[in-house]
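Enquirer: This is the structure, below, for whatever I ask next.
The values are calculated or read from the model by the stated rules, or taken from the named source; none is laboratory data. Every value quoted in this text rests on a predicted model; they were computed, and no experiment measured them. Glycine also receives a Cβ, built like all others from the backbone with ideal geometry; neighbour counts cover every protein chain displayed. Accessible surface areas use protein heavy atoms only, side chains included; no ligands, DNA or RNA. Shrake-Rupley method; radii C 1.70, N 1.55, O 1.52, S 1.80 Å.
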Amino acid sequence: MNLGKAFKLSAVFIVSALGGFLLVTSCLFLYLSPKLPSINELKDTRWQIPLRVTSRDLKIISEFGEKKRSPIDFDEIPALMIDAILAAEDDSFFDHGGIVVSGLMRGVVQLATEGRIKSGGSTITMQVARNFFLTKRQEFTRKFNEILLTFRIEKALTKQEILSLYVNKIFLGNRAYGFAAASHVYYGKPLNDLSLAQIAMIAGLPKAPSSYNPLADPERATVRRDWILRRMQSLDKITEEQYRAAVLEVDNASLHRSQSELNAAYAAEMVRQQVIAKFGLKAYTEGYTAITTLDSSAQVSAVSAVQSGIRAYDKRHGYRGAELKTLDPAIWQETLRKTPKVGPLDPAIVTHVYNDRLTLLKKNDESAILNWTDGLDNLRLFKTVNARSAPIASAASLFAVGDLIRIEQHENNRVSLSQVPLVQSAMVALDPFNGAIRALVGGFDYRQSTFNRVTQATRQPGSNFKPFIYTTALKNGFTTASIINDAPVVFKDARLEDTWRPENDGGKFYGPTRLREALYRSRNLVSIRLLRRMGVDRTLEGLQSFGFNTSEMPSDLSVALGSHAMKPIDIATGYAMFANDGFRVNSYILDRVIDRNGNVIFQASPRLACNPCEPESFDTNLSPQSVNGSSDSTVEQQLEQLFSDIEQSSLAEGDKYSWEKVKQSLKLEPAAASVPAERVIDSQTAFLMDSMLKDVILRGTGRKAKSLNRTDLAGKTGTTNGPRDAWFSGYSPHLVATAWVGFDDNSLLGRNEYGGSSALPIWIQFMGEALSEKPITVKRQPNGIVRVKIDSKTGKRVAPNQRGIYEFFKSENVPVAPDDENSATESEQQPLPDDLF
């Protein structure tokens, strides 16, 4: 009787409890259901995709955005990746209806008794509901909302669609959102290229992405990885042999901050700033692609030339010793891990020292031998900028075990000694016909210094500025044969603060000198006297036409020697006028911006020089591709590669990329709104300046560039007092480039470090590669230019049977013939200027 009564009481209790549970559940459903978000939001998901910056030929340079994400479709997920995810998170995903009751009840009990959930009760569908719509606060109402949303998701979407959302949404540490992004962040490669062990490692990240990732805690991450591999084996997703091989694999995860196919970080930062200025912070998440004007091959050449030139300078001035001395072996690996690579220079620690070699430890426990002939022989130590020690007698006399040094990697595992340079350099190259920046290097390495010396550094250009003074003179009646005295002079000018005694390099003076010779030999006193003859105010007014801000220039004679600090980008833009026959163009680097659907939302409209081109300007017409961009076929071949890893996996048909729009937008042709550039140098003056600047290379301070074996090169060196700055700016009709070398703190470069010895080699290396496939293109002589024979000493015209040299003149400035000169009246003869002798 008592037993039956107890049974009845238990039944009543169970029924009452069940009824109460159903009542509470119904009330919660009626209360919460109207407040739940619409599942249609999942169908219209717009992934937060970072801003991507590419070269003009669509090489990825950098990505900007808090969330690193590369959305993929379900069909693109490797089968092993799916197996690993399900083994780790929800092995019955394809069988249940959204929840697993046993796991859910276990979580509810833990939440009620302990205030938190220890073991997972969430299915993948529940995680999708939570990640898209809810917070992670562990409350009954939130959990109930999660369950309701889970049922709705399961009803509205297929299992494949749900898994796609999960794979693309989940946070996996180190700013990686989604498994495709995590693959790049931790291993630097796409999902399809991961090993089984790496797949399992990434599959284990959702449990604790910040603490279980292989960078934060390699040991815990490996334990989690091996557990997932065992689960996969027990579920018959992999064999026992695959399992054993995978658990033995040593993990090599490292942080890959962005997917980059081109070293152009300085340019990428410039573009980032411009895009944010135009579109605001939403540009970080809307999946915009900013296509720059950079040419990838030219950029690679520029980076190599700058780094080679800096290392050559550094080697000339001596070795400064190890970066760190005699480190404790216990911290060797940690030190190497924390020491970044700078340019091509890797860190290494000396493990053994011999007289003729060093044994080194590199990152990842790799070893190397630095032999005597790989930088130790003839190694001299830095003493001052102008002095080095005698060569070291042995490696043991300088290095000790535990020293941290820098090495360069070569073929066949050979390494050579190097050091992180202190000197800096910059290079920028432009298309002279529209100002498009084809290459830009703001320093030795962006990781070493983010200061962009192309656009941010203002340095005295020295003689690199003289061509603009000479151009102004030619526009105002002077000729290439005008005689100016190269002789000592002292100026007492209050604006120069003190008595000023300018002189030529070497301290010599050469007397009366033709302007042409004065330019290619870089005679300072001639430039100063020329400026005085023209007048400072008149000259500054003429310089305004080149686009220079003359209000900041000194109103004194020092401007003739480039005393006013300028940016390399401004100098290069100025030299573009000499290359394009006298048209003023503006430099630019952002060509266009397209959205995630391929629509063009910004298009540059550069001013185009020579538009329409004057057929008499060149003897070889430039192809449209050389001026405006790559051909259509080249673009189409790279379209799919560019967008394959950012194509969003939304289920809404209207949110897919419109490939026709993309193809149309990426045809790199000049914008319809482009207008002709203003001519600021007449064609006759432009021709004369071009011929004078060619002489700088043929017989002047730029003679080293003759090694390129091209007749269409012209340019000018520049060196400032000290010397502290070394420049070379030059061009062909295809490309104009400026190279600068100096210290950020304006320190002395040292003896014999001139524009022709420090900057010119960088320019030569770059132009040799950049112009290797360009035809030699020489300007034709324009109308209004005549060629006559003159006396090289006086600049006067000589008879055909007399000795002399040939010179170009504007037709209105041709020197009178000898017979005409004798018959000229006294009033027609011009007196010599007072400052000639």
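Enquirer: Give me the dipole magnitude in Debye, nearest 20, for the stretch 722-783 about the Cα centre, with unit charges on the beta carbon: positive for Lys and Arg, negative for Asp and Glu.
Expert: Result for the stretch 722-783 is approximately 380 debye, rounded to the nearest 20.
Enquirer: Along the Cα-to-C-beta direction of Ser747, a point sits 7 Å from the Cα; which residues of the stretch 393-421 have their amide N less than 14 Å from that point?
Expert: 420-421
Enquirer: Also, quick follow-up: Quote the Stokes-Einstein diffusion coefficient, in whole µm² s⁻¹, for the stretch 380-438, based on the Kirkwood radius over alpha carbon pairs, a temperature of 4 °C and a viscosity of 1.567 mPa s.
Expert: 82
Enquirer: Considering only Cα-Cα distances, which of the following residue pairs are longer than 29 Å: Lys282/Lys363; Lys704/Lys774; Lys694/Lys789; Lys716/Lys774; Lys159/Lys207?
Expert: Lys282/Lys363
Enquirer: Starting from the 7 Å offset along Cα-to-Cβ, what nm value, one decimal, do you get for the label separation of Ser811 and Asp251?
Expert: About 8.0 nm, to one decimal.
Enquirer: Set Lys and Arg Cβ to +1 and Asp and Glu Cβ to -1, take the dipole of the stretch 408-464 about its Cα centre, and tell me which of Thr450, Ala429, Leu440 lies farthest positive.
Expert: Final value for the positive-end residue is Thr450.
Enquirer: Tell me, what is the per residue accessible area of the stretch 421-464 in Å², probe radius 1.4 Å?
Expert: Ligands and nucleic acids excluded, the figure is 23 Å² per residue.
Enquirer: Under a 5 Å amide H to amide H cut-off, with H placed in plane at 1.01 Å, what residues pair with Thr513 once short-range neighbours are removed?
Expert: Ile484, Asn485, Asp486
Enquirer: So, one more: For the stretch 309-346, list residues with backbone N below 13 Å from a point placed 7 Å from the Cα of Arg388 toward its Cβ?
Expert: Inside the label zone: 311-321.
Enquirer: Say R0 is 22 Å: what FRET efficiency, to the nearest 0.05, do Leu381 and Val401 get from their beta-carbon distance?
Expert: 0.65
Enquirer: Using 7 Å Cα-to-Cβ label points, what is the Arg220/Ser367 separation (nm, one decimal)?
Expert: 3.4
Enquirer: What spacing in nm lies between the two simple spin-label points modelled at Leu281 and Asp682, each 7 Å away from Cα in the Cβ direction?
Expert: It is 5.6 nm.
Enquirer: Report, to the nearest whole %, how much of the accessible area of the stretch 509-616 belongs to carbon and sulfur atoms, 1.4 Å probe, protein only.
Expert: 43
Enquirer: For Gln781 and Leu324, what does the FRET efficiency come to when R0 = 45 Å and r is the distance between their Cβ atoms, rounded to the nearest 0.05?
Expert: Computed FRET efficiency for Gln781 and Leu324 comes out at 0.15.
Enquirer: What's the local net charge at Ile291, with K and R +1, D and E -1, over the other residues with C-beta under 9 Å away?
Expert: Summing Lys/Arg as +1 and Asp/Glu as -1 gives +1.
Enquirer: Å³ per residue of the Cα convex hull, for the stretch 154-300?
Expert: 163
Enquirer: Could you please report the charge total around Thr539, scoring K, R as +1 and D, E as -1 over all other residues with beta-carbon less than 13 angstrom from its beta-carbon?
Expert: +3
Enquirer: Provide the per residue accessible area, probe 1.4 Å, for the stretch 715-788, rounded to a whole number of square angstrom.
Expert: 36
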